[in-house]
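Just below is one structure, and these are the notes that go with it.
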Amino acid sequence: MKKSHPKVQTPTPNLCSPGPPPPPPPHRHLMHMASCSDSNSYPSPIGPSEHFWVDMQPFLLHRGYQLRPRYDPDWTPPWRRGVALGEPFLDMGLFEEHLDASEMMLDAIRIHDQRKVVMKKVRTAEEELPIALLLSSPKMRSDTRNCAVPVLDVVLIPGDDEHALLVMPHLLLFDELPFRRVGEFCEMVVQLLEGIEFMYEQNIAHRDACWFNIMMDHSKMVPKGTHFCLPSSHDGLKEGLEWKSRWSVRPVRYFFVDFGISVRCTSKDAKVLGSFAQDKSVPELSNSILYNPFPVDIYELGNVIKKCVENYDDLSLFSGLASHMTSHEPHQRPTAQEAVQLCKQLLQSIEESGLMTRRIWQRNVIYTFSEKLAIASGLYNPMY
């Protein structure tokens, strides 16, 4: 659903680095970004969706962001280097540089502190940018309930007033690594519900609070980090991670990402149109009948909880909360504030019962007794 740009003044993000120097003259690629269609000007196998990042690489480097070698305009594929004419190339799968990305998102390194970040290309005329900046303002970030992904920087694109780059921390999808204890799941659920409660106090509805928009800060869990294109690896080549359980490094922070269809309303009674969302089961989604967007987030997060309950043993205590949140009629669902209170009551009961440290196991993974013992003792920690 197309939305007009809100007539509100949005705060400047609390950037983690000093302001950049004036940008250099546009790179030769940047001067032709809107019209260049000659794929021969890009090193093979750079695809059309990656041309934007090759064009931007010199400018981003000047701004203090290092892209992967693949996006250097002078890049030569390593599997071709030193290969004699007529000889077969090396296996490209042996090199990290074979991993590509989309035009909309790419990873980078912030040079001054070597922090891994992710850049997302967004439209300046839509609500994602002002909402993301508002939720990243110092005042908003001071509230510990704020689960919106932080915006570290905004990069304006030379010659393109219609788009900008949001710079955000490199995070990991929340289920990339398994939950091991009941308390780990409790920590996530209460954070996300408080995050929705906080957004609602600002009259912001996410509208896509679904599985693939829930991320976690994995920096303590995976000290060696993960690869943006292959998150099940450290380096983009070898599958498998060395990682620590959430419980051993708690607290772990969770975040909502992707405010692409989010809205900031004038009141809690606002109505919207639109059926776009990951979760197609939300009953009221419609392109023709107006509906309140706030109960949608409750339903979508309730479905995430419900799926986790189905995927793990010993999370059935959350079944009642999930069912309440996914009621067919929007008015029968709890408000965000009510859902937080219900969750906290449940967590208090779990705490009093001594169940926070209870081990939980994924239902679709069969462990032997020896494997469970090794996992419990910390000698074995598979990614499932």
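The values are calculated or read from the model by the stated rules, or taken from the named source; none is laboratory data. The shown structure was predicted, so the numbers you read here are calculated from the model rather than taken from an experiment. Cβ: placed from backbone, ideal geometry, glycine included. Neighbour counts: every protein chain shown. In case anyone asks, the SASA skips ligands and DNA or RNA and just uses the protein heavy atoms, side chains included. Shrake-Rupley method; radii C 1.70, N 1.55, O 1.52, S 1.80 Å.
Being over 21 Å from the mean Cα position of the chain (by Cα) and open to solvent by 60 Å² or more (accessible area, probe 1.4 Å), is that true of even one residue in segment 274-286?
no
Among what's in segment 71-90 and is assigned to a loop (DSSP other than H, G, I, E, B) and in contact with a helix residue (DSSP H, G or I) (Cβ under 8 Å, 6 or more places away or on another chain), pick the residue that is most open to solvent (accessible area, probe 1.4 Å). Quick ask: steps written out before the conclusion?
Taking segment 71-90 and keeping what is assigned to a loop (DSSP other than H, G, I, E, B), we get 72-90.
Still in the list and also in contact with a helix residue (DSSP H, G or I) (Cβ under 8 Å, 6 or more places away or on another chain): 72-73, 75, 77-79.
Working: Asp72: 56, Pro73: 19, Trp75: 15, Pro77: 6, Pro78: 15, Trp79: 10 Å².
So the residue we want is Asp72.
If you go through segment 306-336 one residue at a time, how many are small (Gly, Ala, Ser) and buried (at least 16 other Cβ atoms within 10 Å of the Cβ)? Outline the logic, then answer.
First, the residues of segment 306-336 that are small (Gly, Ala, Ser): 316, 319-320, 322-323, 327, 336.
The next check asks that each one be buried (at least 16 other Cβ atoms within 10 Å of the Cβ); those that pass are 322, 327, 336.
Within segment 306-336, residues that are small (Gly, Ala, Ser) and buried (at least 16 other Cβ atoms within 10 Å of the Cβ) number 3.
Among the residues in segment 152-167, are any under 29 Å from Cys343 (Cα atoms), in contact with a Leu (Cβ under 7 Å, 6 or more places away or on another chain) and outside any loop (DSSP other than H, G, I, E, B)?
First, the residues of segment 152-167 that are under 29 Å from Cys343 (Cα atoms): none.
The answer is no, given that none of the residues of segment 152-167 is under 29 Å from Cys343 (Cα atoms), in contact with a Leu (Cβ under 7 Å, 6 or more places away or on another chain) and outside any loop (DSSP other than H, G, I, E, B).
Would you confirm whether any residue within segment 91-99 is in a strand (DSSP E or B), open to solvent by less than 40 Å² (accessible area, probe 1.4 Å) and of a type outside the set (Ser, Thr, Tyr)? I'd like the intermediate steps shown before the answer.
Going residue by residue through segment 91-99, those that are in a strand (DSSP E or B) are none.
No, segment 91-99 has no match at all.
With the requirement that a residue be of a type outside the set (S, T, N, Q) and in contact with a Pro (Cβ under 9 Å, 6 or more places away or on another chain), what does segment 53-71 give you?
Hits for segment 53-71 are Val54, Asp55, Met56, Pro58, Phe59, His62, Arg63, Gly64, Pro69, Arg70.
Pick from Gly260, Gly236, Gly225: which is over 25 Å from Cys147 (Cβ atoms) and either in a loop (DSSP other than H, G, I, E, B) or in contact with a Gly (Cβ under 9 Å, 6 or more places away or on another chain) (or both)? Talk me through it step by step, then tell me what you get.
Numbers: Gly260 fails: over 25 Å from Cys147 (Cβ atoms); Gly225 fails: over 25 Å from Cys147 (Cβ atoms).
Answer to the check: Gly236.
List pairs: first in segment 93-121 and under 15 Å from Pro48 (Cα atoms), second of a type in the set (Phe, Trp, Tyr), Cβ under 7 Å, 6+ apart or cross-chain?
Glu103/Phe52; Leu106/Trp53
Answer yes or no: is there a residue in segment 364-384 that is open to solvent by less than 40 Å² (accessible area, probe 1.4 Å), within 30 Å of Tyr200 (Cβ to Cβ) and out of contact with any Pro (no Cβ under 9 Å at 6 or more places or on another chain). Steps first, please.
Let us first name the residues in segment 364-384 that are open to solvent by less than 40 Å² (accessible area, probe 1.4 Å), namely 365, 367, 374-375, 382.
Narrowing further to those that are within 30 Å of Tyr200 (Cβ to Cβ): none.
Scanning segment 364-384, I find no residue that is open to solvent by less than 40 Å² (accessible area, probe 1.4 Å), within 30 Å of Tyr200 (Cβ to Cβ) and out of contact with any Pro (no Cβ under 9 Å at 6 or more places or on another chain), so the answer is no.
Open to solvent by 20 Å² or more (accessible area, probe 1.4 Å), assigned to a loop (DSSP other than H, G, I, E, B) and in contact with a helix residue (DSSP H, G or I) (Cβ under 9 Å, 6 or more places away or on another chain): does that describe Asp143? First the steps, then the outcome.
Numbers: open to solvent by 20 Å² or more (accessible area, probe 1.4 Å): yes; assigned to a loop (DSSP other than H, G, I, E, B): yes; in contact with a helix residue (DSSP H, G or I) (Cβ under 9 Å, 6 or more places away or on another chain): yes.
It is true that Asp143 is open to solvent by 20 Å² or more (accessible area, probe 1.4 Å), assigned to a loop (DSSP other than H, G, I, E, B) and in contact with a helix residue (DSSP H, G or I) (Cβ under 9 Å, 6 or more places away or on another chain).
Which condition does Phe52 not pass, out of (1) under 17 Å from Asp107 (Cβ atoms); (2) without any contact (Cβ under 8 Å) to a residue 24 or more places away in the chain, if it passes all the others?
(2)
What are the residue pairs meeting all of these: first residue in segment 311-323, first residue in a helix (DSSP H, G or I) and of a type in the set (S, T, N, Q), second residue open to solvent by less than 20 Å² (accessible area, probe 1.4 Å) and at pLDDT 95 or above, Cβ atoms under 6 Å, and 6 or more apart or on different chains?
Ser319/Val309
Is there any pair with a first residue in segment 249-260 that is touching a residue at least 60 places away in the same chain (Cβ under 8 Å) and a second that is in a helix (DSSP H, G or I) and of a type in the set (A, V, I, L, M) whose Cβ atoms are under 6 Å apart and which are 6 or more apart or on different chains, and what are they?
Pairs found: Tyr254/Met188; Tyr254/Leu192; Phe259/Ile131; Phe259/Ala132.
Which residues, taken from segment 106-140, are among the hydroxyl-bearing types (Ser, Thr, Tyr) and open to solvent by 20 Å² or more (accessible area, probe 1.4 Å)? Show your work before the answer.
Kept after step one, since they are among the hydroxyl-bearing types (Ser, Thr, Tyr), are these residues of segment 106-140: 124, 136-137.
The answer is Thr124, and nothing else.
Mind listing just one residue for me: the one in segment 239-257 that is open to solvent by 40 Å² or more (accessible area, probe 1.4 Å) and in a loop (DSSP other than H, G, I, E, B) and, of those, farthest from Glu201 (Cα to Cα)?
Kept after step one, since they are open to solvent by 40 Å² or more (accessible area, probe 1.4 Å), are these residues of segment 239-257: 239, 242, 244, 247-248, 250-251, 253.
Right, trim to in a loop (DSSP other than H, G, I, E, B) and you get 242, 244, 250-251, 253.
Numbers: Glu242: 39, Lys244: 35, Arg250: 27, Pro251: 24, Arg253: 21 Å.
Selected residue: Glu242.
Residue-by-condition table, conditions (1) closer than 30 Å to Ser142 by Cβ; (2) modelled with pLDDT under 50:
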{"site": "Pro11", "(1), (2)": "yes, yes"}
{"site": "Ser44", "(1), (2)": "no, no"}
{"site": "Asp55", "(1), (2)": "no, no"}
{"site": "Tyr65", "(1), (2)": "yes, no"}
{"site": "Arg68", "(1), (2)": "no, no"}
{"site": "Asp72", "(1), (2)": "no, no"}
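Condition first: open to solvent by 80 Å² or more (accessible area, probe 1.4 Å) and of a type in the set (S, T, N, Q). Now tell me which residues in segment 342-363 satisfy that. Outline the logic, then answer.
Step one: of segment 342-363, the residues open to solvent by 80 Å² or more (accessible area, probe 1.4 Å) are 344-345, 348, 351-352, 358, 363.
Gln345, Gln348, listed by residue number.
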